[in-house]
Every structure is written in C-alpha cells, then in structure tokens.
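Visitor: Could you have a look at this structure, given as structure tokens, before my questions?
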Amino acid sequence: MQNTIETLEKLITGYTNQLKLIDSATFSSKPNPEKWSKKEILGHLIDSAQSNTRRFIIAQYEDNPKIVYNQNEWVTASGYQTYDKDMLIGFWILINKHICHILKNMPAGKEKRICTTGEEHTIEWLAEDYNKHLQHHMHIILNLKPVAYP
C-alpha cells in the first residue's frame, strides 16, 4: 500500500504545475458539445476522488459496501465548466492529498477489506486502480502520451 500512496503523492506533485500552465481558454474549450472540456475531465477526477474517498473509509467498517456513481450525471450536476480554473485545480490537489492521508492512516489489514463498485475489489486494489485512472485522464488533459485504462 505504501507504494500506491507514494505514487499518488508523486502524481499530485508532478501534475500540479502542468495543470497550472494550461491557459483558461484551452482548459474550458469543449471539443464538441457532447465531450468534456479539460476542466470537466479534471472535475470528473474530483468526483472519482470523492467516490473513492467514500469507498476507502466505508469499506473499513462496513462489510462489502456497494458504492457506485454515474460519472456523466456527477459532472453535469457539479457544473465544473463554470468553476474558476485555480479553484478547481486547488480542489483536485486537496482531495487527493486527503486520499493520501486516509490511506496512510488506515489500520494494517484494512486494505484487504472488500468494496463493490460493480465488481468486488479490495481497498488496496481500488487505490491502485485509482492511480491508473488518474494517470489516464491526466494524460488526456495535458496532451501527454496516452495511458491505457480499461
């Protein structure tokens, strides 16, 4: 679990400065009305962080909770397109640092507890998957080499 936490900490640090370099017009531009802007993709990552925060906490004390979310509805309802760029980036940084804090403070053995997200997974698996998901979307936002994600 320590490697997963360290990876997330490095991702936060590594991506923060790159996010701040994106000009506001580019950050808000939608490729077409049906697609998310970079701003909305970052919002989706915030929603994912919120959903995973619930999973990481609730699965520690409830047996196999089922925690899912509708990503499109969350992005729409949250109105990320109207957010201030710096505020949105700050929110993303803070919630990811919070996830690191939760994972660091998890009692030994709790990482093996199960949570259902459509399929059953351990907290440890969900944390590793969270990092992969974050990298996949960050590479889209930052126009970096694509990172495959199932």
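The values are calculated or read from the model by the stated rules, or taken from the named source; none is laboratory data. Given the structure is predicted, the values throughout are model-derived calculations rather than measurements. Heads up, the Cβs are rebuilt from the backbone with ideal geometry, glycines too, and the neighbour counts pull from every protein chain shown. Protein only, heavy atoms only, side chains kept; ligands, DNA and RNA dropped before computing areas. Shrake-Rupley method; radii C 1.70, N 1.55, O 1.52, S 1.80 Å.
Visitor: Can you pull out the residues in the range 87-111 that are more than 17 Å from residue 130 (Cα to Cα) and open to solvent by less than 20 Å² (accessible area, probe 1.4 Å)?
Guide: Those that are more than 17 Å from residue 130 (Cα to Cα) and open to solvent by less than 20 Å² (accessible area, probe 1.4 Å): 88, 89.
Visitor: Tally the residues that are assigned to a loop (DSSP other than H, G, I, E, B) and either touching a residue at least 60 places away in the same chain (Cβ under 8 Å) or of a type outside the set (Gly, Ala, Ser) (or both), restricting the search to the range 65-101. Outline the logic, then answer.
Guide: Of the range 65-101, the ones assigned to a loop (DSSP other than H, G, I, E, B) are 65, 67-70, 79, 83-84.
Still in the list and also either touching a residue at least 60 places away in the same chain (Cβ under 8 Å) or of a type outside the set (Gly, Ala, Ser) (or both): 65, 67-70, 83-84.
Looking only at that region, the number is 7.
Visitor: Would you tally the residues in the range 67-81 being touching a Lys or Arg at 6+ places or on another chain (Cβ under 8 Å) and open to solvent by 30 Å² or more (accessible area, probe 1.4 Å)? Talk me through it step by step, then tell me what you get.
Guide: In the first step, residues of the range 67-81 are kept if they are touching a Lys or Arg at 6+ places or on another chain (Cβ under 8 Å); the result is 67, 80-81.
Restricting the remaining residues to those that are open to solvent by 30 Å² or more (accessible area, probe 1.4 Å) gives 81.
Of the residues in the range 67-81, 1 are touching a Lys or Arg at 6+ places or on another chain (Cβ under 8 Å) and open to solvent by 30 Å² or more (accessible area, probe 1.4 Å).
Visitor: Between 132, 104, 145, which is more than 20 Å from residue 3 (Cβ to Cβ) and among the charged types (D, E, K, R)?
Guide: Details: 132 fails: more than 20 Å from residue 3 (Cβ to Cβ); 104 fails: more than 20 Å from residue 3 (Cβ to Cβ).
The conditions single out 145.
Visitor: Here's another thing I want to ask about it. Only one of these conditions is not met by residue 84: (1) under 18 Å from residue 11 (Cα atoms); (2) open to solvent by 80 Å² or more (accessible area, probe 1.4 Å). Which number is it?
Guide: (1)
Visitor: Could you tell me which of the residues 120, 62, 124 is in contact with an Asp or Glu (Cβ under 6 Å, 6 or more places away or on another chain), modelled with pLDDT of 95 or more, of a type outside the set (Gly, Ala, Ser) and farther than 26 Å from residue 31 by Cα? Break it down stepwise before answering.
Guide: Values: 120 fails: in contact with an Asp or Glu (Cβ under 6 Å, 6 or more places away or on another chain); 62 fails: in contact with an Asp or Glu (Cβ under 6 Å, 6 or more places away or on another chain).
One residue alone meets the criteria, 124.
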